[in-house]
Amino acid sequence: RSDGGIVTRPVTCLFPELHRVYPESMSNPTWIAALFGVQFSTDQRSHDMVSMPTPIQHLSIADALLHESTLPGSIRDWLLEHRAAFLFGNTAPDVQTISGQPREVTHFFKIPFRSTPLPHRTLFEAYPGLSRPRSISPAHAAFMAGYICHLWLDVIWVRDVYLPGFGPEAAWLTMHDRLLYHNILRAWCDQHDQSKLNGNTGPSLAAAQPRDWLPFTADRYLIQWRDQLADQFQPGANIRTVEVFALRNRVPPAEFHRVLESPQALEDNIFAHVSQAAIAAFYQHGHDQLAELIIEYLREP
């Protein structure tokens, strides 16, 4: 039912191909939301929906950090040794879609925010044992390095992309349009980022073995989230960002493709609100700031 009590067709009828590929997941709209980076605002004035970076965005930046020279060689080599845990950590805060916890319990900041939050510090204040990588296992420490990367990248996206270009105060005629075109932007990002991920992302995620890694979330939830993600990134898997976002926005996938395949439509509907330079800056700043965050964490006094 919709909010007005009208009986609507089930998503399995609207998107039969998604149901064929992900039969269990398609019955769980919350899982769909988290898999593709949708979070819900508690701002009752706008009843708004805030969209975060997708798993592909998180993983593409994380993987780039493992193969570029931004990180010191010793740290990069160590993270490569524990790549499975590090990559999984970069997706793990969204486990709340499996556990049913409030978003703030796993992300450590609320939306909307007036000043830039520092969720990794909030996390470490609440659970100081996690702030000392030398006191936990190497895989656990690599996982936590990825975890705090996810938190900070979410903040950067909301602050630098979503709020100025697509937030409640941005210049859009309707909420539907600004949320729709924000999701088309994220689909555009996924198209560019997917090619940066090599074929072993799924197997690497599947190799992560959480053992009491989060004191606020049970291992069984992390394992379930890991397995659902790993399936999406197996070699040859087709990432269905467009289909799921179209479902979320209640428009045909063809509308996404119409915009994505038209440079003029992209310019008129997306880059007029947030420039390609701003998107490039998000990736560059995210890459550089996550490197600084990792160095700060792993080089604890």
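Taking helices (runs of 4 or more DSSP H) as the structural unit, those lying wholly within the range 81-123 and holding at least 1 residues that are out of contact with any Cys (no Cβ under 8 Å at 6 or more places or on another chain) and of a type in the set (Ser, Thr, Tyr) correspond to 96-99, 103-107.
Just one of the numbered conditions (1) surrounded by 19 or more Cβ atoms within 10 Å (Cβ to Cβ); (2) free of Cβ contacts under 8 Å to residues at least 60 places away in the same chain; (3) within 24 Å of residue 270 (Cα to Cα) is not true of residue 159: (1).
Rundown of residues vs (1) more than 21 Å from the chain's Cα centre (by Cα); (2) aromatic (Phe, Trp, Tyr); (3) modelled with pLDDT under 95, yes/no style:
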position	(1), (2), (3)
230	no, no, yes
234	no, no, yes
238	no, no, yes
242	no, no, yes
248	no, no, yes
256	no, yes, no
260	no, no, no
263	yes, no, no
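Please indicate, with yes or no, whether at least one residue in the range 195-210 is surrounded by fewer than 19 Cβ atoms within 10 Å (Cβ to Cβ), within 27 Å of residue 251 (Cα to Cα) and in contact with a helix residue (DSSP H, G or I) (Cβ under 8 Å, 6 or more places away or on another chain). Checked against the condition, which is being surrounded by fewer than 19 Cβ atoms within 10 Å (Cβ to Cβ), within 27 Å of residue 251 (Cα to Cα) and in contact with a helix residue (DSSP H, G or I) (Cβ under 8 Å, 6 or more places away or on another chain), the range 195-210 yields no hits at all. What do you reckon, is residue 102 under 30 Å from residue 274 (Cβ atoms) and either without any contact (Cβ under 8 Å) to a residue 12 or more places away in the chain or in contact with an Asp or Glu (Cβ under 8 Å, 6 or more places away or on another chain) (or both)? Yes; evaluated as a whole, the condition is true for this residue. Being modelled with pLDDT of 95 or more, charged (D, E, K, R) and either touching a strand residue (DSSP E or B) at 6+ places or on another chain (Cβ under 8 Å) or assigned to a helix (DSSP H, G or I) (or both) is the requirement here; does residue 288 meet it? The answer is yes for residue 288.
The values are calculated or read from the model by the stated rules, or taken from the named source; none is laboratory data. All figures in this text were calculated on a predicted structure; none of them were measured in a lab. We place every Cβ from the backbone using ideal geometry, glycine too, and count neighbours over all the protein chains shown.
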